[in-house]
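Worksheet: the structure to be examined is printed underneath.
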Amino acid sequence: MRMLIFAKRNTKEILRDPLNLGFGLGFPLVLILLLSAIQANVPVNLFEIQHLTPGITVFGLSFMTLFSATIIAKDRGSSLTQRLYTTPMTPLDFIVGYTLPIVPISVAQCIICYLAAIALGLEVSINILYAVLYIIPVSMLYVALGLLCGSVLNDKQVGGICGALLTNLSAWLSGIWFDLDLVGGVFEKIAYALPFVHSVEMERAVLNGDFAGIFPHLWWVIGYAAVAFILAVLLFLRQMKK
Amino acid sequence: MEAIRIESLTKKYKDTVAVDNLNLSIKRGELFSLLGVNGAGKTTTIKMLSCLTKPTSGDAFLNGKSISKDTTAVKSIIAVSPQETAVAPGLTVYENLELICGVHGFGKDKKDTKIAELLKLLGLETIIKKKAGKLSGGYKRRLSIAMALIGEPEILFLDEPTLGLDVLARSDLWDIIRSLKGKVTIVLTTHYMEEAEALSDRIAIMKDGKLLICDTADKIKEIAGTDNFEQAFVRIVRGCDK
């Protein structure tokens, strides 16, 4: 019950910030529209709507990391967490309370992207529904990264690390904007050692109905999400004890 | 009856002794002030008493419950209003109070009664729909104290409650704190001498983690040989260097 009350509060805090709505929902939409317009004038295979949309839905999740990290860091900075530590709230209440609101927001963001893509010509199929479902483990990964950053960084550092570094990593190392084969070498190896490109390729496979192609990407996503979550919980508990 | 008994409480951070072998006893319903210059150990003492940080050695008993061995029981009888205002900025005044009611597991009737009572007590009735982040410093402090009082604490810790407030806002808050006297045991830290003198039943002066004196304001002035409390404070703090 406490965790749900806390989750409700966090949902309100996130959704009431116009910047969050602008970046979280508006920015991915702008990207879809812009890149589709480019595609209409200069056809590029990578920017075809069925290829582009899964990538944008994953990239949009980097803002979820920013949301969760920012709210935790701000709560720490304002001593709200300190106040709540002296109440009967347990560590589990905090962790679930911070995690829970982001998942439906991520799903909503993904649905909005697909609705825009349908309006731009994406063929309607049951695979869209599966793609929305498969975004959940990916969103867990991004939320865990947010929990991790929020537990160790202050809100200004969160802006730099999550707002700039993570969104760039998520953009450059995910194969959304350019084919990683074109760069190759160490860059490609690093990209495939990280979860971003696996998230995008998994979503692309799901949307194209290539369910065999989901693997091994799904394992990469789940593996990274699990490790990030465990680390995040340990760091959160550590700062709680501080 | 004793509300707080502190026995040889010590907190060390690497080479620094923040609180050094503190022994104190505070009566039920007493308004007790902790005074000291920066780094005296006031906030660390409050953090230990409110189970936010563990003592290196020693113990304290709040209404008979140990801060080392029985933190859950201690948390159920205390509340803290931290130095920072510690409110949820995106929530309204009402929603902030509602959040804390939820955290304490209050049912609807109790929640409505408590919120109405505290809105009246703290003079917040006219701004219930205003977002906490948009409030003036004085109103934020009032809300912070209301949030601390909502759990019906037996012991209330007020860490620098009037820090940064203008004269009128401070005077209003003094009236509120005075109105709580006798109903709840209050431990207050402050830098303002006149605040400690005006509000407190007894005052403890700390320096470098050590307790220098603990008595009524009048007795402290008498011991220091002056009619002015600020002078008495300076003499006692400087005196310990000689």
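The values are calculated or read from the model by the stated rules, or taken from the named source; none is laboratory data. Since we're looking at a predicted model, the values are computed, not measured. We place every Cβ from the backbone using ideal geometry, glycine too, and count neighbours over all the protein chains shown. The protein model used for the area step is the full one, side chains on, heavy atoms only, and it has no ligands, DNA or RNA in it. Shrake-Rupley method; radii C 1.70, N 1.55, O 1.52, S 1.80 Å.
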Worksheet item: Considering only segment A:6-24, how many residues are open to solvent by 40 Å² or more (accessible area, probe 1.4 Å) and more than 17 Å from the chain's Cα centre (by Cα)?
Response: 5
Worksheet item: Quick check, is A:Val186 over 22 Å from A:Val103 (Cβ atoms), part of a helix (DSSP H, G or I) and not basic (Lys, Arg)?
Response: yes
Discussion item. With the requirement that a residue be within 14 Å of chain B (Cβ to nearest Cβ) and in a loop (DSSP other than H, G, I, E, B), what does segment A:1-45 give you?
Written reply: A:Met1, A:Arg16, A:Asp17
Worksheet item: Of everything in segment B:75-86 that's facing chain A (nearest Cβ under 7 Å) and among the aliphatic types (A, V, I, L, M), which residue is nearest to the chain's Cα centre (by Cα)?
Response: B:Val80
Worksheet entry | Selection count where residues are touching a residue at least 24 places away in the same chain (Cβ under 8 Å), in a helix (DSSP H, G or I) and open to solvent by 10 Å² or more (accessible area, probe 1.4 Å), scope segment A:109-128 | 4
Worksheet, complete the sentence: Of (1) open to solvent by less than 20 Å² (accessible area, probe 1.4 Å); (2) at the interface with chain A (Cβ under 7 Å from one of its Cβ atoms); (3) within 23 Å of A:Thr70 (Cα to Cα), B:Leu135 satisfies every one except (2)
Worksheet, complete the sentence: Taking segment B:139-167 and keeping only residues that are farther than 13 Å from B:Ile78 by Cα, surrounded by fewer than 24 Cβ atoms within 10 Å (Cβ to Cβ), touching a residue at least 24 places away in the same chain (Cβ under 8 Å) and of a type in the set (A, V, I, L, M), one is left with B:Leu163, B:Leu165
Item to complete: State all residues of segment A:79-104 that are open to solvent by 20 Å² or more (accessible area, probe 1.4 Å), assigned to a helix (DSSP H, G or I) and either more than 8 Å from every other protein chain (Cβ to nearest Cβ) or at pLDDT 95 or above (or both); if no residue qualifies, say none.
Response: A:Pro91, A:Leu92, A:Val96, A:Val103, A:Pro104
Discussion item. For the list (1) among the basic types (Lys, Arg); (2) more than 21 Å from B:Leu156 (Cβ to Cβ); (3) under 21 Å from the mean Cα position of the chain (by Cα), I need the number of the one condition that B:Lys131 fails.
Written reply: (3)
Item to complete: For A:Trp177, work out the one condition from (1) open to solvent by 10 Å² or more (accessible area, probe 1.4 Å); (2) over 26 Å from A:Thr11 (Cα atoms); (3) assigned to a helix (DSSP H, G or I) it doesn't fulfil.
Response: (3)
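Given the options B:Ser81, B:Ser76, name the one that is more than 26 Å from A:Gly77 (Cβ to Cβ) and in contact with a Lys or Arg (Cβ under 9 Å, 6 or more places away or on another chain).
Testing whether each residue is more than 26 Å from A:Gly77 (Cβ to Cβ) and in contact with a Lys or Arg (Cβ under 9 Å, 6 or more places away or on another chain) leaves just B:Ser76.
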Discussion item. Test of understanding: among B:Ile127, B:Ile115, which residue is surrounded by 17 or more Cβ atoms within 10 Å (Cβ to Cβ), of a type outside the set (Lys, Arg), more than 25 Å from A:Ala7 (Cβ to Cβ) and more than 10 Å from chain A (Cβ to nearest Cβ)?
Written reply: B:Ile127
